[in-house]
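The structure under discussion appears below in the form of structure tokens.
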DNA sequence: GGGAACCCTGTAGCCGGTATAGAGTCAAGC
DNA sequence: GCTTGACTCTATACCGGCTACAGGGTTCCC
């Protein structure tokens with residue numbers, strides 16, 4: 001099958017398939033005499049695997065690692081566990097940060113109803129006030145991933 | 001004050017200050033005879049404002065818009081409200097997606113205890129199985145922001 | 001043989017910075 | 001006066017995970 005069909009069957013863009021090949025996530029397939037990529041069912045299976053991992057937001061580098069591990073089926077799988085653990089921790093942390101953020105934004109939004117002029121806008125006031133109250137390094141380190 | 005002091009007092013990297021200037025978020029300051037940027041207190045205030053908005057994960061383009069609005073204090077502030085609403089909706093949606101993801105990952109993690117060999121790894125099995133079961137377009141459109 | 005749909009490579013753009021290279025400037029100490 | 005080290009300058013490239021575009025070649029159907 002050619003790249004268009006592969007992409008359609010995995011639900012991705014053609015460009016993405018070529019990108020995964022460049023990035024070493026999908027083995028380079030054979031070529032037709034005219035230079036078109038020719039894929040087999042194994043390529044589709046692997047591409048779907050990659051996409052499923054991506055739908056779990058696992059970074060490409062980790063997926064590359066998992067694929068390498070899966071290919072050597074006799075090794076202990078502690079690394080897979082560790083990898084999922086690390087990723088899960090990342091997700092939990094990010095979710096908690098978003099929850100805090102959501103609360104702050106909701107509070108902010110409640111400061112200003114419609115129809116005011118800018119000069120009386122509670123949101124702007126609140127933003128400016130909060131910014132002034134901020135210490136030097138409170139968002140500098142540690143808060144960003 | 002020079003760029004280093006400004007950056008330290010706002011808790012950002014020196015590079016970031018120059019980046020904000022290039023992006024039009026921070027007014028280009030005067031220069032000393034030797035070409036060093038010379039900032040006043042207004043610059044610090046504005047930089048802190050930008051950083052506070054960023055700590056709320058508001059995109060730079062939106063911050064630029066808010067700054068322009070704040071400078072014209074006689075206009076109605078409906079646009080500020082709308083902007084915060086849109087951002088809040090974005091955050092809510094992303095948080096919900098992360099919650100779903102967290103549940104999926106936790107379920108996945110429970111498939112494999114430590115010490116197995118790869119061939120018996122429940123996580124890999126589960127990942128492969130799930131990938132096979134996937135229809136063509138289930139993650140292609142709509143699911144990503 | 002003409003046009004649509006497909007494929008190829010290479011390159012640039014998105015976001016919000018971060019990192020590097022290579023050069024100039026300034027203040028303090030010897 | 002000279003060196004050292006901290007600071008500053010510009011320009012450019014890099015990160016992830018794609019996406020888009022330019023400028024060509026191929027295949028297939030009417």
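The values are calculated or read from the model by the stated rules, or taken from the named source; none is laboratory data. Since the structure is predicted, the reported quantities are computational estimates derived from the model, not experimental observations. No Cβ is skipped: glycine too gets one built from the backbone with ideal geometry, and neighbour counts run over all protein chains shown.
Values computed for the structure shown
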quantity	calculated
Counted residues, the range B:1-41 - those being more than 12 Å from chain A (Cβ to nearest Cβ), within 18 Å of residue B:66 (Cβ to Cβ) and more than 10 Å from DNA strand D (Cβ to nearest atom)	6
Members of the range B:59-70 found to be away from DNA strand D (no atom under 16 Å from the Cβ) and more than 9 Å from every other protein chain (Cβ to nearest Cβ), listed by number	B:62, B:63, B:64, B:65, B:67, B:68
Residue under evaluation residue B:77, criteria (1) more than 7 Å from chain A (Cβ to nearest Cβ); (2) at pLDDT below 85, criterion not met	(1)
The listed residue being modelled with pLDDT of 90 or more and under 28 Å from residue A:1 (Cβ atoms), out of A:88, A:44, A:69	A:44
